[in-house]
Amino acid sequence: MGNIDYRRRWRAVKRFLSNNNYDAYLVSRPANIRWLSDSNSAPGSPPSASLAYAIIPKKGKPIGLSSTLERERVRKFNAISNLKVFGPYEDVSRDAISSDIALKNLAKENAWSSICFDTLPAKFRGIKSKQVAEIEKLRMVKDQEELKRIKRSIAISDKAQRFTRHLVECGEGLTEKEVASEIDYFMRRKNIQENSFGTIIASGYNSAFPHHNNSNKRLKNGEPVICDFGVFMNGYCSDITRTYFVGGETSDYWQKRYNAVLEAQQRSFNRVSNGQSGHDVDSAGRDYLRKLDFAKYFVHGTGHGFGLEIHEAPSMTFKSKDTLRTNMTITIEPGIYIPKKGGIRIEDDVLVTKDHATTLTKAARNLF
Ligand SMILES: [Mn+2]
């Protein structure tokens, strides 16, 4: 694993502060803190070794705020060395009782007059402040080290999809929960940090729910099974969905719908390039499904960015105003869900390049 160039990221934030006349950026969103100072950690539960707050001043070194609980872990793993610690315990060394007091002392020391922040309401009384999402914007375009890490995550989830295909096609009688457990165990043995999210195994009529809670329903021959999962490696995640059929074959009814989703995905994929809009990528697949009268079953957007978080900017939806740029990583995942019958979703991870897109996920999409 290579190194993340945090200084480059701090410089990008400082440029934004200078250009917009802010004195500092107060960061509290965990994923933004990971981008600024702790990208090797996965989000985690309990949380990864991340600060409670990071402050990037226009001039001078970044400052980190941590509670006493995480103090030693932050000292060991966080790229920001200038640390202020808060906590209520008299016996434990700290710089302030509460995070509010630590922030206010920092403000006094630094004579800030104007700050911006991501999700918190203003903590500084008497200081001009504004909520912005500049770090989310900076996070959209990935550097070479980030792409290496993302590809490593994808390699594991690709292997897990090959394993899943065998399991589902030969899996008549297994419950959804049993299938999910086998996949999770397979991925954990590959040295992952954690799952990107709870593995989804939605079989038969349950596959009509885009987000299904795995149940004790047993797999039946001919049914579609939506298998959606991903992993974190070195702080970066993957996200892949395949739909398999129990017994390795199915009716003309499902074959027709599977091929429709596959073609919609291809059309959205073909639309991806530097400068293209998220809306147009969504429309490319949706217009095709509309012609077949399936658009009424396509109840979500076509895709989303991913990296330090499983869902991040940009978005590929009807309402999206995002513009795709070279080296963004996005998913393309159309699906149709027919109430009480079942559904199909096919999702790949894609890298935006200058004139087109590159599919990063390699797991097979052929029907049988
Ligand atoms: Mn996804």
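What the table shows:
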quantity	calculated
Hits in the stretch 252-269 - residues which are closer than 23 Å to L351 by Cβ and touching a residue at least 24 places away in the same chain (Cβ under 8 Å)	V261, L262, E263, A264, Q265, S268, F269
Selection from the stretch 187-213 of residues that are touching a Gly at 6+ places or on another chain (Cβ under 8 Å), assigned to a loop (DSSP other than H, G, I, E, B) and over 22 Å from L308 (Cα atoms)	F209, P210
Subset of the stretch 248-262 (residues that are outside any helix (DSSP H, G or I) and exposed (fewer than 15 other Cβ atoms within 10 Å of the Cβ))	E249, S251
Residues located in the stretch 274-301, provided they are out of contact with any Lys or Arg (no Cβ under 7 Å at 6 or more places or on another chain) and either within 16 Å of the ligand (Cβ to nearest atom) or within 27 Å of G198 (Cβ to Cβ) (or both)	G278, D282, Y297, V299, H300, G301
Which numbered condition V92 fails, given (1) surrounded by 15 or more Cβ atoms within 10 Å (Cβ to Cβ); (2) in contact with a helix residue (DSSP H, G or I) (Cβ under 7 Å, 6 or more places away or on another chain)	(1)
Pairs with Cβ under 7 Å, 6+ apart, first in the stretch 216-236 and on the phi < 0 side of the Ramachandran plot, second among the basic types (K, R) and away from the ligand (no atom under 16 Å from the Cβ)	N216/K177; M233/R149; M233/R152; Y236/R149
Qualifying residue in the stretch 238-250 (condition: hydroxyl-bearing (S, T, Y), within 30 Å of S37 (Cα to Cα) and within 16 Å of the ligand (Cβ to nearest atom))	yes
The lone exception for Q255 - which of (1) more than 16 Å from the ligand (Cβ to nearest atom); (2) in contact with a Phe, Trp or Tyr (Cβ under 8 Å, 6 or more places away or on another chain); (3) of a type outside the set (A, V, I, L, M) it fails	(2)
Filtered residues of the stretch 268-307 (kept if under 21 Å from the mean Cα position of the chain (by Cα) and in a helix (DSSP H, G or I))	S268, F269, G278, H279, V281, D282
Lone qualifier among A102, A107 - being of a type in the set (G, A, S) and free of Cβ contacts under 8 Å to residues at least 24 places away in the same chain	A107
Residue tally, condition more than 16 Å from the ligand (Cβ to nearest atom) and more than 18 Å from A363 (Cβ to Cβ), over the stretch 213-237	13
Conditions (1) surrounded by fewer than 16 Cβ atoms within 10 Å (Cβ to Cβ); (2) within 30 Å of G230 (Cβ to Cβ); (3) without any contact (Cβ under 8 Å) to a residue 60 or more places away in the chain; number of the one not met by G44	(3)
Unique residue being in contact with a strand residue (DSSP E or B) (Cβ under 9 Å, 6 or more places away or on another chain) and surrounded by fewer than 21 Cβ atoms within 10 Å (Cβ to Cβ) when the list is A160, A102, A133, A111	A133
Scan of the stretch 199-212 for residues that are more than 15 Å from T164 (Cα to Cα) and more than 16 Å from the ligand (Cβ to nearest atom), ordered by number	G204, Y205, N206, A208
Residue tally, condition within 21 Å of R11 (Cβ to Cβ) and part of a helix (DSSP H, G or I), over the stretch 136-148	9
Residue ID - surrounded by the fewest Cβ atoms within 10 Å (Cβ to Cβ), chosen from residues in the stretch 263-308 that are of a type in the set (D, E) and farther than 12 Å from I330 by Cβ	D293
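This table checks each residue for (1) touching a residue at least 60 places away in the same chain (Cβ under 8 Å); (2) β-branched (V, I, T).
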{"position": "T302", "(1), (2)": "no, yes"}
{"position": "G307", "(1), (2)": "yes, no"}
{"position": "M316", "(1), (2)": "no, no"}
{"position": "I344", "(1), (2)": "yes, yes"}
{"position": "A363", "(1), (2)": "yes, no"}
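Results for (1) modelled with pLDDT under 95; (2) over 23 Å from G198 (Cβ atoms); (3) within 16 Å of the ligand (Cβ to nearest atom); (4) in contact with a strand residue (DSSP E or B) (Cβ under 6 Å, 6 or more places away or on another chain), shown as yes or no for each residue.
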| residue | (1), (2), (3), (4) |
| --- | --- |
| G305 | no, no, yes, yes |
| E312 | no, no, yes, yes |
| K319 | no, yes, no, no |
| I330 | no, no, yes, yes |
| E333 | no, no, yes, yes |
| Y337 | no, no, yes, yes |
| K341 | no, yes, no, no |
| E347 | no, no, yes, yes |
| D355 | yes, yes, no, no |
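The values are calculated or read from the model by the stated rules, or taken from the named source; none is laboratory data. All values reported here derive from a predicted model rather than from experimental measurement. Note that each Cβ is placed from the backbone with ideal geometry, even for glycine, and that neighbours are counted across all protein chains shown.
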